[in-house]
Amino acid sequence: MLIKVGYDIVFEHPQPTPIVAMLYLHPRCLPAIRRNEYLLVDPQVPISGYNDGFGNRCGRLTAPAGRIRFWNDAVVEDDGRPEAHNPAAAQLEIQELPADHIVFLLASRYCEVDRMMSAAWQLFGAVPAGWARVQAVCDYVHGRIRFDYLKARNTRTAFEAHEERVGVCRDFAHLAVTLCRCLNIPARYCTGYLGDIGVPAVPSPMDFSAWFEVYLGGTWYTMDARHNIPRVGRVLMARGRDAADVALLTSFGSSRLERFSVWCDEVGPEALLPAA
């Protein structure tokens, strides 16, 4: 299966503004890329690249005053199968975890582990450890939060999402990540593309998606508390402790969003042909 992914985003800056852009496919996707991505920035400005501490590909640039456009387009290959489902996956003891996984047990900007510890154990302490406990967390978050794009708020934390019972995909992910960490299950936040592939199309405009991964039995598994079913065609861009680590654009100054368009669609082999 071939999937075309990309975006067209325009910002307005009142003055020259430094930016960190996390607008690339994750390096993990490199073996699946069939038509290489191309980041167009208009007007053209120098971009320097680096990989951050979580392995995400980042770019640094200074946007000039006025409008700046970011456009990207790529084709990746997917095996067309739903994400792995492994009820036998066991939870490791903390002393068995790799040292670099411990950070995914700790509180972070949007994931208040200390604030939700008691509630997490009251809710899930009786559920068998491992896959069953993670699935119970997903079921709870899926039923607890009502998705409402108009209620998006970029400062909402996991605890606030739990209490307000409304949010968008990042809020589902933050709450599930927090509850898993409370239960000593390493969990990390992910962002990228998720189109309506293999499911009924949603009439609302396409956006980037958020989900999470948990570490069970020596493997990271993809989980999604918003949709709560294994999906086909998820394409990773970045992952970290929470949304603060994977902001697609971080502007060190004021900015205004003028245009935002995202696509993630199944395509045929003709998508690999050179443009006429």
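Tabulated data
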read-out: Contour minus Cα-Cα distance for ALA84 and ALA271 (0.36 nm per residue); value: 64.6 nm
read-out: Longest segment of the chain lacking chymotrypsin sites (Phe, Trp or Tyr not before Pro) that sit in a DSSP loop with at most 14 other Cβ atoms within 10 Å; value: 39-251
read-out: Potential lengthening between THR250 and TYR38 on full extension [0.36 nm per residue; Cα-Cα distance subtracted]; value: 74.3 nm
read-out: Ranked list, fewest to most other Cβ atoms within 10 Å of each Cβ, for ILE197, ILE94, ILE185; value: ILE94, ILE197, ILE185
read-out: Of GLN135, LEU175, PRO14, farthest towards positive along the dipole that unit charges on Lys, Arg, Asp, Glu beta carbons give the chain; value: PRO14
read-out: For VAL168, VAL214, order by how many other beta-carbon atoms lie within 10 Å, fewest first; value: VAL168, VAL214
read-out: Cα-projected label distance for ALA119 with ASN154, points at 7 Å along beta-carbon direction, nm; value: 2.5 nm
read-out: Placed amide H near GLU83: partners under 5 Å, 5+ positions off or other chain; value: ARG231
read-out: Note, ³J(HN,Hα) from phi for region 225-236, Karplus 6.51, -1.76, 1.60, rounded to Hz, x at Gly and Pro; value: 6, 6, 7, 6, 9, x, 10, 10, x, 6, 10, 7
read-out: Point-to-point label distance, THR219-TYR50, nm (Cα→Cβ direction, 7 Å offset); value: 3.5 nm
read-out: Phi-based couplings in Hz for region 88-94 (Karplus 6.51, -1.76, 1.60; Gly and Pro marked x); value: 8, 5, 9, 7, 7, 5, 4
read-out: Alpha-carbon centroids, region 201-276 and region 42-102: separation in whole Å; value: 9 Å
read-out: Residue-averaged 222 nm ellipticity for the chain, from DSSP H runs of 4+ at -39500 (n - 2.57), nearest 500; value: -5500 deg cm²/dmol
read-out: Phi-based couplings in Hz for region 167-176 (Karplus 6.51, -1.76, 1.60; Gly and Pro marked x); value: x, 10, 4, 5, 6, 4, 5, 4, 5, 5
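None of the figures in this text is laboratory data; all of them are computed from the coordinates on show. It should be emphasised that the depicted structure is a prediction, and the values quoted were computed from it without experimental measurement. Note: ideal-geometry Cβ built from the backbone for every residue, glycine included; neighbour counts use all protein chains shown.
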